[in-house]
1. Do you know which residues across segment 123-159 are β-branched (V, I, T) and under 17 Å from V181 (Cβ atoms)?
2. Look at Y179 and say whether it is assigned to a helix (DSSP H, G or I) and either closer than 15 Å to V116 by Cβ or among the charged types (D, E, K, R) (or both).
3. Of everything in segment 34-68 that's among the hydroxyl-bearing types (S, T, Y) and within 38 Å of the chain's Cα centre (by Cα), which residue is modelled with the highest pLDDT?
4. Could you grab me the full set of residues in segment 184-212 that are buried (at least 20 other Cβ atoms within 10 Å of the Cβ), out of contact with any strand residue (DSSP E or B) (no Cβ under 7 Å at 6 or more places or on another chain) and modelled with pLDDT of 95 or more?
5. So which pairs qualify, if the first residue must be in segment 119-147 and in contact (Cβ under 8 Å) with a residue 60 or more places away in the chain, the second must be exposed (fewer than 13 other Cβ atoms within 10 Å of the Cβ), the Cβ gap must be under 8 Å, and the two must be at least 6 apart or on different chains?
Amino acid sequence: MMKTRTVVLVVLSGLIIFGSLACATKKYARNRINERVTPLEQRTGELEETSRRNTQDLTSLNQNVNDVRGRADRAQAQADTALTRANQVNSRADSLEQKVGDLRDNLDKYALAHTVTVNFPSNSFQLAPEALTALDQLAVQIKDRDNFILEIQGFADASGADLYNQQLTEMRAEAVRRYLVEKHNLALYSMHILGFGKVRPIADNATPTGRAQNRRVEIHLLTRKVNGATTTTTSSAAPSVKQ
């Protein structure tokens, strides 16, 4: 009996020792595996995060590239449009300069055909109804829109400073030219304006009636000579005199 118990104890002890060794070996193996796997998992996480950031950066970069490309395309389109308009303007300017040059070269072939005088209220460059009627009648007389020149000369009375009168007469002449262009579509390059201020009075500036006559714009219609002769007429349109 004693021997049997001893054998059993020895066997149990061996099993316990073997089991302990086996557990220790498994634990050691797990620790070793964890020591290697944990850094790999961390590294994998870092790589995934880097990949995610790179993807975001690439998306943002592509968006920026597309934005820049879109702005460049729009800028190019605007530049092309501006260039086209500039070429059109230059073409029209070249054409007008050629026509003006031709007119100047042949100025001796033009003669005074008609003169219209329109008057203005004091300190004003607004066209009165009578002046508009006179300008309308003048425009009707221009049959050949390619063979005429209008000399538009502005004048003032003796009231006010010289510089003010000079500017006022230029604005009066410009008002006449603008009306003829906008209302009757006359060629702008065929009209020349000049403000004379208070010089060249045609009446006495000492009287209200004389000053009213001096506040005027004279429009001289020059047409191409036909058989060496033209007819000359004169008309005027004056508002009522303001005392």
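The values are calculated or read from the model by the stated rules, or taken from the named source; none is laboratory data. Since the structure is predicted, the reported quantities are computational estimates derived from the model, not experimental observations. All Cβ positions, even for glycine, are placed from backbone atoms using ideal geometry, and neighbour counts span all protein chains on display.
1. Residues satisfying the conditions are V140, I142, I149, I152.
2. yes
3. Within segment 34-68, the match that is modelled with the highest pLDDT is T59.
4. Matches in segment 184-212: R211 only.
5. F120/Q126; P121/K242; S122/K242; L135/K183
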